[in-house]
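The values are calculated or read from the model by the stated rules, or taken from the named source; none is laboratory data. Note that the structure is a prediction, hence the values are computed from the model and not measured. When we count neighbours, we look across all protein chains shown, and the Cβ atoms used for this are built from the backbone with ideal geometry, even at glycine. All accessible areas refer to the heavy atoms of the entire protein, side chains included, with ligands and DNA or RNA removed. Shrake-Rupley method; radii C 1.70, N 1.55, O 1.52, S 1.80 Å.
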Amino acid sequence: MLNHLLQDLRYGIRMLLAKPGFTLAAVLTLALGIGANTAVFSVINALLLKPLPYADSERLVDIYNTYPRNGVLNGGDSIPDYLDRREQASALEDSALYHAQSYNLSLQGAPQRLNGTLATPSLFSTLGVSATLGRALVEDDAKAGNDHVAVLSFPLWKNGFGGDRGIIGRDVTMNGANYRIVGVMPENFFFPDRQAQLWTPFAFTEEQRSDKQRGWEFSNMVGRLKPGATIAQLEAQMNAIIHRNIERLSVSNEGTGDESKTFALAWKRFVEAAGFTGRARSLRDAWVGDLRPTLWLLQVLVGCVLLIACANVANLMLSRLSSRQKELSVRSALGAGGGRVARQLLAESLLLAIAGGGAGLVLAGLGVALIRDLGLGDTTASFTIGIDASVLTFSFALAVGTAFAFGLLPVLSLARGRPFEALKEGGRGNSAGIASRALRNALVVVQISMAVALLVISGLLLRSFVQIQQASPGFSSENVLSASIDLAEDRYADDAKKVQFYEQLLGAVRALPGVTSAGLVNNMPFSGNNAQSSYAIEGHDAKNGEAMPHGFAQMVDEDFFKSLQVPILQGRSFNNGDTRDAMKVAIVDELLAKKYFPNESPLGKRINNRDPSKTGWLTIVGVAGVVKRERLSEQTTKETIYVYYKQFPESHVTLAVKTTLAPSALIAPLRDALQRIDPEQPVFDIKTMSERIAQSLDDRRTPMLLLMLFAGVALALSAIGIYGVLAFAVALRTGEIGVRLSLGAQRRDILRLILGDGGRLTALGLFLGLIGAVAIASAMRAQLFGIGVVDPLTLAGVIALLAVTAFVACWLPARRASRVDPIEALRHE
């Protein structure tokens, strides 16, 4: 058997080399289909299938709070919530609390800003990792006075400290304080993403542990489920903890002071009104987000490209089989069984598939690089997209499966034939079997229908993307440079120092050449940073069971609205008179004004979006336009409250600098201005606002561009398929065409005959493809913005494109048929 197989393979190689044109066309066609599928699978493998780089990663969960009645489906975690769940949720084997923390590292030269993570020492045991050098954080590090230690990431140790093994135990200055380096993590370790450069201990104060910190959710929680435990069990336990806390607080505050009673009652009402509870999801789902359905849809659609490629190669092999009928019939007449002939054809198919798979891997490598360039799997992402052993296995299996997919049809066609009749028919050489011709036509219809479906879906995504790009974010991003600053709490602990620094910075930036205005904000739109809180409106008491108002909270200066050209619709902006000792003021957006003051002006009304004992009521002095925060496609349903930086200064701010120059020309002067004010203060995350908005579109742009590329490949393959079938039909019908011409048929009649054959195939494929496209578009309705499932402009464009492509593919063989010499054709017959 093995000898026969080797013999078939050797003979197959000789036959394929004897027809280099056919072989090259088949290999390139398969390479396109296999390469596209391998590239997309590499993304799915990295994001959805490959285990996360932690021990038993399937048991890791992201734990968060949710307030469904307030529209907050994914909130953070407070310290009391974390402590409750760590101690009382039996479904958890281990857990940790963490949040981002910026550090300014003072070394020789300019200060360096580091992306740090403040984490409970249990983070490393929860993830199941240990340091590769020194040690990870331990519980003693989280005690007051012991918390100035740090664990470095491998890249920071290698690039920032030259891979010096003597760094362990050495002190470095960060945020104006000394931190002792105690460990270096392994090279492949990262958490919560690849931007994290070091980890320091999260040490809780007694105040942070108290019940009054419930609702201050500035951290995230990761947990490890016990073996056999489920997310549903954990969520039930977290819900039970909340109810126990309500009972505990109610009982413990009986007979106590009014403040404690007020807090317990207010917290109980808040929990019930907002629907507050704890939720969990796999860590993978938390990282992948909304990409899962898009990725699977993309894999299905790119699978259509492979099917089109298979159909094309099958058509090539059927056409070649017709020319080989005499050879195969002779082999059958000499005693070769049907199985032996079928095995020979399958061996040739396997050789083609393996060659196509090898070429496809090269194309897949280029595709992976393209996907990274489009924004997925870059060096900062949580997932690294590449071609590994799993992807190679997939590609090999795909090549073998493809070999049988397109090789089976010629085998079946041969099995239905009659060897000796084929020998006679091959001697005439002027026709093909009706069944074989019907099969080739059916394959062309399948190719066209799939190409149409891909073109329509990619057209809908393109139209949707254009609609999104034309949507207004609520501000002007043109010629606006943004740059972020994190003030070290140790050096700027006092609010007055923060305000003084910001005044100096704004004055220096506004004096730079080309700057027309400069403002600041603590959470810049389209930066991924958002702060939300519940708030109260004076005179608008929530009814029993009704959730408190909930909105975004922003700290800005007086020129923020001017720099981004956010209109002030009523009242005024902030000004220098709004000092810390003056009346506390706020600006609300139009959404809040319409929602809670529909028939009156909100000016002069009072709201409170902070701890009443700290800030009291804020008087509304202005109404601003509505600003989108994360995506151009979002429907803004949550209001925004702006407060003034001199009254409520924050440590993290982002500058918004409007300029008449190219924004990039301001980067160096901006750095110099900051260095003159504070040489130890770095500036980071420097981007234009246009770049921020463009980056927010990556999750739509990448699938759209990939699908457009695949649709173009599918259209080209379909055109080749139409051309191939008609060209082969013309070659077989040469005698018939000669007879028609000799009997008086005009050349335009021959043109009409061949174009009609191609037109019928195209029309049927178009009809079936449109039906399939509507079905697919209905399933992906959520991905469309501003257009319907049936978009006339998209359908018209696809029909026109297909009509032109099909006409060219049909015209070439039709033109050749119309130029047949009747005498030569009859002699050929």
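Could you identify the single residue in Val288, Val313, Val341, Val362 that is open to solvent by less than 50 Å² (accessible area, probe 1.4 Å) and at pLDDT 85 or above?
Val288
Out of the stretch 202-211, which residues are exposed (fewer than 15 other Cβ atoms within 10 Å of the Cβ) and part of a loop (DSSP other than H, G, I, E, B)?
Pass one, the stretch 202-211, residues exposed (fewer than 15 other Cβ atoms within 10 Å of the Cβ): 205-207, 209-210.
Result: Thr205, Ser210.
Can you spot a residue in the stretch 218-231 that is open to solvent by less than 50 Å² (accessible area, probe 1.4 Å), in contact with a Gly (Cβ under 8 Å, 6 or more places away or on another chain) and on the phi < 0 side of the Ramachandran plot?
yes
For the stretch 254-275, what are the residues that are more than 14 Å from Asp211 (Cβ to Cβ) and modelled with pLDDT of 70 or more?
Arg269, Glu272, Ala273, Ala274, Gly275
Anything in the stretch 9-44 that is more than 15 Å from Gly357 (Cα to Cα) and open to solvent by 30 Å² or more (accessible area, probe 1.4 Å)? List them, or say none.
Leu9, Arg10, Tyr11, Ile13, Arg14, Met15, Leu17, Ala18, Lys19, Pro20, Gly21, Phe22
List the pairs whose first member sits in the stretch 384-403 and is within 13 Å of Ala36 (Cα to Cα) and open to solvent by 10 Å² or more (accessible area, probe 1.4 Å), whose second member is of a type in the set (Asp, Glu) and not in a helix (DSSP H, G or I), and whose Cβ atoms are under 6 Å apart, counting only residues at least 6 apart or on separate chains?
That search, which allows pairs on different chains as well, returns nothing.
Are any residues in the stretch 438-475 more than 30 Å from Glu590 (Cα to Cα) and polar (S, T, N, Q), and if so, which ones?
Answer for the stretch 438-475, where residues must be more than 30 Å from Glu590 (Cα to Cα) and polar (S, T, N, Q): Asn441, Gln447, Ser449, Ser458.
Just checking, does the stretch 448-458 include any residue being open to solvent by 10 Å² or more (accessible area, probe 1.4 Å), more than 30 Å from Leu717 (Cβ to Cβ), touching a residue at least 40 places away in the same chain (Cβ under 8 Å) and not charged (D, E, K, R)?
Checked the stretch 448-458: no residue is open to solvent by 10 Å² or more (accessible area, probe 1.4 Å), more than 30 Å from Leu717 (Cβ to Cβ), touching a residue at least 40 places away in the same chain (Cβ under 8 Å) and not charged (D, E, K, R).
With the requirement that a residue be open to solvent by 70 Å² or more (accessible area, probe 1.4 Å) and not basic (Lys, Arg), what does the stretch 126-144 give you?
Ser130, Thr132, Glu139, Asp140, Ala144
Among the residues of the stretch 666-681 satisfying the criterion of being over 22 Å from Phe560 (Cβ atoms) and not acidic (Asp, Glu), which is surrounded by the most Cβ atoms within 10 Å (Cβ to Cβ)?
If we take residues in the stretch 666-681 being over 22 Å from Phe560 (Cβ atoms) and not acidic (Asp, Glu), then Gln675 is surrounded by the most Cβ atoms within 10 Å (Cβ to Cβ).
Confirm whether Tyr54 is open to solvent by 10 Å² or more (accessible area, probe 1.4 Å), within 26 Å of Ala240 (Cα to Cα), in contact (Cβ under 8 Å) with a residue 60 or more places away in the chain and not small (Gly, Ala, Ser). Walk me through it before giving the result.
Values: open to solvent by 10 Å² or more (accessible area, probe 1.4 Å): yes; within 26 Å of Ala240 (Cα to Cα): no; in contact (Cβ under 8 Å) with a residue 60 or more places away in the chain: yes; not small (Gly, Ala, Ser): yes.
No.
When both residues are 6+ apart or on different chains and their Cβ atoms are under 8 Å apart, which pairs have a first residue that lies in the stretch 130-159 and is more than 21 Å from Asp193 (Cα to Cα), and a second that is small (Gly, Ala, Ser) and part of a helix (DSSP H, G or I)?
Here the result reads Glu139/Ser122, each pair linking the stretch 130-159 to a residue that is small (Gly, Ala, Ser) and part of a helix (DSSP H, G or I).
With respect to the numbered conditions (1) among the aromatic types (Phe, Trp, Tyr); (2) assigned to a strand (DSSP E or B); (3) farther than 23 Å from Val149 by Cα, which one is the sole condition not fulfilled by Tyr54?
(2)
Can you confirm whether the stretch 497-507 contains a residue that is closer than 28 Å to Gly215 by Cβ, surrounded by 15 or more Cβ atoms within 10 Å (Cβ to Cβ) and among the basic types (Lys, Arg)?
yes
Provide a single number: the residues in the stretch 150-201 that are open to solvent by 30 Å² or more (accessible area, probe 1.4 Å) and either in a helix (DSSP H, G or I) or among the small types (Gly, Ala, Ser) (or both).
Here the count works out to 10.
Pick from the stretch 57-89 the residues that are among the hydrophobic types (A, V, I, L, M, F, W, C) and in a helix (DSSP H, G or I): which of them is least open to solvent (accessible area, probe 1.4 Å)?
Within the stretch 57-89, the match that is least open to solvent (accessible area, probe 1.4 Å) is Ile79.
Thr688 - would you say it is under 31 Å from the mean Cα position of the chain (by Cα), at pLDDT below 90 and surrounded by fewer than 22 Cβ atoms within 10 Å (Cβ to Cβ)?
No: the conditions fail for Thr688.
Is it the case that the stretch 727-740 has a residue that's modelled with pLDDT of 80 or more and closer than 30 Å to Leu32 by Cα?
No: the stretch 727-740 contains no residue that is modelled with pLDDT of 80 or more and closer than 30 Å to Leu32 by Cα.
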